[in-house]
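Report on the following structure.
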């Protein structure tokens with residue numbers, strides 16, 4: 001369900017909005033599409049940051065394990 005709202009934008013921004021939206025899309029549809037993409041991108045960036053933090057927390061342990069495997073392989077050969 002859609003809700004009506006009102007926002008105030010500068011004239012130059014509205015002109016650019018109209019140019020980008022073109023005649024096929026309303027301002028509202030264009031703004032909704034842009035906001036949905038922005039929110040998806042923010043959620044993706046947050047997931048990426050959480051994943052990177054997990055990797056960084058485990059990096060020391062994983063590097064130690066890899067070093068032990070390499071040492072074992074070098075001594076077995």
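Worth pointing out:
- The one condition in (1) modelled with pLDDT under 95; (2) part of a helix (DSSP H, G or I) that residue 47 fails to fulfil: (1)
- Close contacts from the stretch 28-44, counting a first residue that is farther than 17 Å from residue 16 by Cβ and a second that is modelled with pLDDT under 95 and in a helix (DSSP H, G or I), with Cβ to Cβ under 6 Å and a gap of 6+ residues or different chains, come to none at all.
- Filter pass, residue 75 being over 18 Å from the mean Cα position of the chain (by Cα), without any contact (Cβ under 8 Å) to a residue 40 or more places away in the chain, more than 30 Å from residue 11 (Cβ to Cβ) and surrounded by fewer than 10 Cβ atoms within 10 Å (Cβ to Cβ): yes
The values are calculated or read from the model by the stated rules, or taken from the named source; none is laboratory data. Everything numeric in this text was worked out from a predicted model, so none of it was measured. So basically every Cβ, Gly included, is an ideal-geometry build from the backbone, and we count neighbours across all protein chains shown.
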